[in-house]
Amino acid sequence: MPIIVVEVMPKAEILDPQGKAVAGALVRLDKSEFSAVRIGKRFELTVEGPITDELLAEAREIANDLLANTVIEDVIYVGEARPADDAQGA
Amino acid sequence: MRVGVITFPGSLDDRDAQRAVKLGGGEPVALWHGDHDLKNVDAIVLPGGFSYGDYLRAGAIAAHSPIMSEVITAANAGMPVLGICNGFQILVESHLLPGGLVRNDHGDFVCRDQKLRVENVDTAWSNGFKEDEEIIIPLKNGEGGYIADQETLDRLEGEGQVVFRYLEVNPNGSANDIAGISNARGNVVGLMPHPEHATEPGFGPDTRAAMRSGTDGLTFFTSAISSLMANA
């Protein structure tokens, strides 16, 4: 069944303690070429039929009203799963 | 005066809040998140806890509970509403109060008796305090860092909507040491520390007088209840 992907990230100016902790772990693993890590969220919304403009508009609405708190987060993507999501898997 | 305390799935301090209402001279009324019924209460407390396990964001799912549509209508009509800890998170998620609450800057859960300064004594829940009174009530949270954009912070500071400010220690990285705020009208107040845990001698924070004798939190409840009775 088709899915609509919503991606949400903490706003740039907001401290992300989870990301900071992971960045600290990378330093301990001697991977300090990755100087910062920020952690966001990805939602996969399954829909019954084909993905229409109406469904995408609805998804955008719930992304801003519920899935993200736009005071502290930004919605950075609402749309169909991108090809890169599959192609760049492990 | 009937003071409703809403229980959400995952609320922890609803019974303590009910008891605090009783100790403050009010009649506690248990309200259920899934109802559309405020049971003719005169004021509402959103208690602490971990509604919906803090899934999505703390308070986010509870903010969309059935009863919250009634709470929002009542709050906008001037009913006193107090959000404690998770209740504060629910109030910001439902946009009754501005800003947001994020994970503590140090990343750890914090539990301590916290000193606060009362900076606005004109709200429904703080009118029994003296101007700039220093109080101690328990604080216990993992996501208590108050944040807002600079414009909102300037407005809160300028309009006196910062009601409680952390003293001595900023326990969670809150902007401007903000512990609690109110809406412009002063009927809706939210704070991270827990006044309901400092309402009964023997169960509150330590004071100079005696261990666990602190009851500074009781004034939150007597403030609302006595002003409601005066206006009745």
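The values are calculated or read from the model by the stated rules, or taken from the named source; none is laboratory data. This structure is a prediction, so every number in the text was calculated from the model and none was measured. Cβ sites come from the backbone with ideal geometry, for glycine too, and all protein chains shown count toward neighbours. SASA here: full protein model, heavy atoms, side chains in, ligands and nucleic acids out. Shrake-Rupley method; radii C 1.70, N 1.55, O 1.52, S 1.80 Å.
The table that follows gives values for the structure above.
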item: Potential lengthening between residue B:12 and residue B:149 on full extension [0.36 nm per residue; Cα-Cα distance subtracted]; result: 46.3 nm
item: Inter-label distance, nm, simple model (7 Å from Cα along the C-beta direction), residue A:37/residue B:132; result: 4.7
item: Heavy-atom accessible area ranking, 1.4 Å probe, most first, across B:27, A:58; result: A:58, B:27
item: Rel. contact order, % - alpha carbon contacts under 8 angstrom, at least six apart, region A:3-89; result: 50
item: Among A:46, A:12, A:75 the positive-end extreme of the charge dipole of region A:7-90 (Cβ point charges); result: A:12
item: Spatial extent of the protein assembly as shown: Rg and Dmax, with the Cα atoms as the point set, Å; result: 21.2, 70
item: Longest to shortest principal axis, alpha-carbon extents of region B:152-232, angstrom; result: 40, 40, 15
item: Tensor-based shape of chain B (alpha-carbon gyration tensor, a/c under 1.5 rounded, otherwise prolate or oblate); result: rounded
item: Nearby lysines by direct alpha-carbon distance to residue B:130 (threshold 17 angstrom, same-chain neighbours under 8 apart not counted); result: B:115
item: GNM flexibility winner over chain B from B:105, B:14, B:122 (Cα, springs under 10 Å); result: B:105
item: Relative contact order (percent, whole number), chain B, Cα cutoff 8 Å, 6+ residue spacing; result: 20
item: Helix-only mean residue ellipticity at 222 nm for chain B, each DSSP H run of n ≥ 4 adding -39500 (n - 2.57), per residue, nearest 500; result: -6500 deg cm²/dmol
item: Contact order normalised by residue count of region B:42-143, Cα under 8 Å, 6+ apart, percent; result: 25
item: Sequence of B:15, B:208, B:117 from largest to smallest accessible area, 1.4 Å probe; result: B:208, B:15, B:117
item: Value in Å of the Kirkwood radius, where region A:3-89 supplies the Cα pairs that are averaged; result: 14.7
